[in-house]
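Here is the structure we will look at, set down as structure tokens.
The values are calculated or read from the model by the stated rules, or taken from the named source; none is laboratory data. Just so it is clear, the structure is predicted and the values come from calculations on it, not from any experiment. When we count neighbours, we look across all protein chains shown, and the Cβ atoms used for this are built from the backbone with ideal geometry, even at glycine. These accessible areas exclude ligands, DNA and RNA; they are computed on the full protein's heavy atoms, side chains included. Shrake-Rupley method; radii C 1.70, N 1.55, O 1.52, S 1.80 Å.
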Amino acid sequence: MKKSVIALALVGVMPMLAANGATYRSSSSAGVKTATYKAKKTGGYRNTITNNFYVNANPYQYPSYQGYSEESSYARPTRVRVADKTTTTKRSVKSQERKFFLAHPFFQPLKGKFGSVTDVSYAKSTMDFTLLNANIKDLDASSPTVGHIAKGLTFPGITLKAKENTTQFAIKEDISYGLTDKLALMLMAQYDKTEMEVKDWSDGSAGTKTSTSGLNIFGVGLQGRFLDTPEYIGMLSGYFQHQKDAANTLMAELKMGTKIDRFTLYGLARASYSKLDNKGAYGAYMKEGNGDWLMLSYKLDTDSVFQAEGGIGAFAVFNKYMTGKAELTYGSYDWHEQMNLRGEIGFQPGDSFAINLYASVALYDSAKGKTKTYLNYDINPEAVPDTSGLPAEQQIDSNSKLLYTYGDYKINKYNEYKIGIQGILYF
């Protein structure tokens, strides 16, 4: 870690409220209209794509999300004998097979059924930043200058810049159970491993890297499909989420869609309120094994976080096996705003299993150009700045063994993306 000046660690987490949950680090913890698309007739058969299904004779009528149906039509000869005369007639016979598309944004299990989504993802964020100033407080009880604060220090002659990288590997499991055909119970848990690295200091100082891992997020909630007609569909979800040693969160999501041939076009709104474990600063937090910690605070003297986002999406059935989805969202995430684009491609070989590949990227983030406060707790600093030119009450003894530093930093550049794969089961 860069001593006496401070190194920063920014945890960048793509804001996916309902899908992935927001992540916090606390310093105090140190488709819809039932129209159809018909292919050309060939040899007496025709393929019909009907919003959300693939359909066998007298099929069970699943809710009409959006699917693919294939209908075969053929003539079956029937012989009728009257007196000594035999005639042959033909009657039309139809059979259908229907298929649920599990990657549909309005999917939920029917009564007594289970749905499972296993999500394996990799996310990365990068930020370039500049330290603007520093205030250093002597916390060493044995120091003759204990309690002194060297205020308003700058870095004359240099522009102190660095880069922060955060990567996260996560495995998330969502289980849902149909209480009724329209209401489902949801359970969620997530294991993640997060690595943070501060590097490329402009003055040549060495960087630092830390890693944390564990089963960190748990959630429970309800999901209701309150509207499902030949033309429209609607869903409301709400749940509670606990993040270990960080926050408790209440989340809600509303989605409304319209069905047009092979497509579901929909709008969405999400909101969350988080109660932090302790009042103080919240933001990105990194702690090293020797007790040093450093933090990029988003807000000071607060114990709650509110986030909201809205967006539009489109789900498409390409054929009996393939689906796709695109979603564009814009949100306010308490201290910054972001526009995010997510794309998916799905493959479903049967009725009960599907694979879904996805990627998301931040198209815009208002974090760029913002000035925030950094914090650093430094045990046995490598060097103590020369404060001999300051007033006596602001001077720091050069042999102090415990310093607390805070000041302003500016975000020069910010980027993030996420890729993942989902295995979906229905049983």
Exercise. Only residues that are more than 18 Å from the chain's Cα centre (by Cα) and more than 16 Å from GLY313 (Cα to Cα): list them for region 336-354, please.
Key: PHE347, GLN348, PRO349, GLY350, ASP351, SER352, PHE353, ALA354
Quiz item: Where residues in region 396-407 are open to solvent by less than 60 Å² (accessible area, probe 1.4 Å) and assigned to a loop (DSSP other than H, G, I, E, B), which of them is nearest to ASP119 (Cα to Cα)?
Solution: SER400
Quiz item: Just checking, which of ASP277, ASP378, ASP301 is open to solvent by less than 20 Å² (accessible area, probe 1.4 Å) and either out of contact with any Phe, Trp or Tyr (no Cβ under 9 Å at 6 or more places or on another chain) or in a strand (DSSP E or B) (or both)?
Solution: ASP378
Practice problem: Give, as residue ranges, the strands (runs of 3 or more DSSP E) completely inside region 99-168 that count at least 1 residues that are within 30 Å of GLY234 (Cβ to Cβ). | Solution: 114-131
Quiz item: From the list ASP378, ASP397, which one is in contact with a Leu (Cβ under 6 Å, 6 or more places away or on another chain) and more than 30 Å from ILE419 (Cβ to Cβ)?
Solution: ASP378
Self-check item: Count of residues meeting criterion [buried (at least 17 other Cβ atoms within 10 Å of the Cβ), of a type outside the set (Ser, Thr, Tyr) and at pLDDT 95 or above] in region 234-248
Solution: 3
Quiz item: If you go through region 408-427 one residue at a time, how many are open to solvent by less than 70 Å² (accessible area, probe 1.4 Å) and under 16 Å from TYR298 (Cα atoms)?
Solution: 5
Self-check item: Candidate set: region 203-216, residues that are in a loop (DSSP other than H, G, I, E, B) and open to solvent by less than 70 Å² (accessible area, probe 1.4 Å); chosen: the one modelled with the highest pLDDT
Solution: GLY204
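Table: residues versus (1) among the charged types (D, E, K, R); (2) open to solvent by 50 Å² or more (accessible area, probe 1.4 Å).
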{"site": "LEU296", "(1), (2)": "no, no"}
{"site": "GLY310", "(1), (2)": "no, no"}
{"site": "TYR321", "(1), (2)": "no, yes"}
{"site": "GLY324", "(1), (2)": "no, no"}
{"site": "ASP334", "(1), (2)": "yes, no"}
{"site": "GLN338", "(1), (2)": "no, no"}
Practice problem: Starting from region 249-263, take each residue that is at pLDDT below 95 and list its partners that are open to solvent by less than 20 Å² (accessible area, probe 1.4 Å) and not in a strand (DSSP E or B), counting only C-beta distances under 6 angstrom and pairs at least six apart or across chains. | Solution: LYS259/GLY31; LYS259/VAL32; PHE263/GLY31
Practice problem: Could you tell me whether region 124-146 includes any residue that is open to solvent by 30 Å² or more (accessible area, probe 1.4 Å) and closer than 30 Å to GLU253 by Cβ? | Solution: yes
Quiz item: SER272: open to solvent by less than 40 Å² (accessible area, probe 1.4 Å) and within 21 Å of LEU341 (Cβ to Cβ), yes or no?
Solution: yes
Quiz item: Looking at region 283-331, which of its residues are of a type in the set (Val, Ile, Thr) and under 23 Å from ASN248 (Cα atoms)?
Solution: THR302, VAL305
Quiz item: What residue, among those in region 352-375 that are in a loop (DSSP other than H, G, I, E, B), touching a Lys or Arg at 6+ places or on another chain (Cβ under 9 Å) and under 27 Å from LEU268 (Cβ atoms), is most open to solvent (accessible area, probe 1.4 Å)?
Solution: LYS368
